[in-house]
1. Can you name the residue in region 141-180 that is of a type in the set (Ser, Thr, Tyr) and farther than 24 Å from Glu85 by Cβ and is also surrounded by the most Cβ atoms within 10 Å (Cβ to Cβ) among such residues?
2. Scanning region 32-78 for residues that are farther than 23 Å from Asp307 by Cα and of a type in the set (S, T, N, Q), which turns out surrounded by the fewest Cβ atoms within 10 Å (Cβ to Cβ)?
3. Out of the strands (runs of 3 or more DSSP E) lying entirely within region 206-286, which hold 3 or more residues that are of a type in the set (A, V, I, L, M, F, W, C), at negative phi and touching a residue at least 60 places away in the same chain (Cβ under 8 Å)?
4. Quick one: how many residues across region 241-260 are buried (at least 18 other Cβ atoms within 10 Å of the Cβ) and either under 23 Å from the mean Cα position of the chain (by Cα) or within 20 Å of Asp289 (Cα to Cα) (or both)?
5. Within region 307-332, which residues are crowded, with 21+ Cβ neighbours inside 10 Å and hydroxyl-bearing (Ser, Thr, Tyr)?
6. Determine the pairs where a residue that is closer than 15 Å to Ala32 by Cβ, located within region 295-313, has a partner that is in a helix (DSSP H, G or I) and of a type outside the set (A, V, I, L, M, F, W, C) with Cβ atoms under 6 Å apart, the partner being 6 or more residues away or on another chain.
7. Is it fair to say Tyr268 is touching a His at 6+ places or on another chain (Cβ under 7 Å) and either surrounded by fewer than 18 Cβ atoms within 10 Å (Cβ to Cβ) or outside the structural domain of Asp75 (by TED's automatic domain parsing) (or both)?
Amino acid sequence: MSEARQDLSIGIVGLGAVAGAHIEAFQAVTGANITAVSSRRSLNEAELAAKYGQPLRPVSSYDELLADSDIDTVDICTPHHLHTEQAIAAAEAGKNIIIEKPISTNWEDALRIEAAVKANGVQAMVCFECRFSAQFSLVRSMLDQEMIGDVHYAEIDYFHGIGPWIGQFPWNVKKEIGTSSLATAGCHALDAILFLMDGEVEEVTSISTKSNSKIFEPYEYDTTCVTLLRFADGRIAKCASAIDCLQPYYFHVHLLGSHGSILDDRFYSHKLDGLNRAKWSKLETSLIDSGDVTDHPYQPQFQAFTDSTQAGKPMPRTSLETAMETHRVMFAADLSAAEGRPVRLDELPRA
């Protein structure tokens, strides 16, 4: 008889909207439980239980959370500029790590996190949860089955106004924390391009601007950008990120292949006889159509993290190693926009 695996005991640091979504998602995960919470705010055990529907032990400091031998995994849900040192400390304490994106606000710090994770042999996952969405799981399956052939062009764009109605707005507007339109949110679209277009990005060119709306005036950095990607094999892609748009949330997906195309929840394929070439056919799937973190596909991602960690296997789809390449392309794009020139990826070398 095989030995039963012990549930992962997870301590979460930071208690904003994202943490609430993580707690709710883990309630549906088999084999893992969030048991402790560390926050800059004073926490009451009874109030936590009433709000989140489960017992959560408040911990007075992050150092205390890391020193707790009962905690084997740390879930980092703090503002972006805190991620680097918290992730490194967690790795050095021998804890597995779940890190909200972006993992850092610059490439050098991302490399420091990667080095700490490797040196301490812990499992690390980054919350690019859109890779686990029904929409992208379906599209990835279609590509694997060559339904639209070889993809030579993709445009995947992120349109979500992050204004005062969003809880993170007060700190997200700051350059040292929000960093860029891509880093704070649009990296989900950039990551989707890398997920759906296999291959190495060789060069990026990015330009940026910002709205003159008073609503978004507090932002200390450009809030709209467009990035062109050139892959080493000659294929190309485009990623727009706008967090200053006044419109419903929209995650735009358009892939062109040698046998057909995919446009959001529609497709056309020459490989299927009888399709009407004048009309799109519908893909019956759930689109990524909400910026509310409670609607994000965390649960299947967290289940994959739990299963792979318990089995001693690498995390599929959203491992730290995979996410590093997304961050590398993202920081290259930010450099391109800042300096007004194309940036080759070898300007940001891996360790």
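1. Step one: of region 141-180, the residues of a type in the set (Ser, Thr, Tyr) are 141, 153, 158, 179-180.
From the residues that got through so far, the ones that are farther than 24 Å from Glu85 by Cβ too are 141, 153, 158.
Details: Ser141: 10, Tyr153: 14, Tyr158: 26.
Per the stated criteria, the residue is Tyr158.
2. Taking the candidates together, the pick is Ser42.
3. Values: elements: 224-231, 236-242, 250-257, 260-263, 266-269.
Passing ranges, in order: 236-242, 250-257.
4. Going through region 241-260 one residue at a time, the tally reaches 8.
5. Thr309, Thr318, Thr326
6. Filtered contacts from region 295-313: Tyr298/Glu129; Gln301/Glu129.
7. Values: touching a His at 6+ places or on another chain (Cβ under 7 Å): no; either surrounded by fewer than 18 Cβ atoms within 10 Å (Cβ to Cβ) or outside the structural domain of Asp75 (by TED's automatic domain parsing) (or both): yes.
For Tyr268, the condition - touching a His at 6+ places or on another chain (Cβ under 7 Å) and either surrounded by fewer than 18 Cβ atoms within 10 Å (Cβ to Cβ) or outside the structural domain of Asp75 (by TED's automatic domain parsing) (or both) - is not met.
The values are calculated or read from the model by the stated rules, or taken from the named source; none is laboratory data. Just so it is clear, the model here is predicted, and its values are computed rather than measured. Cβ sites come from the backbone with ideal geometry, for glycine too, and all protein chains shown count toward neighbours.
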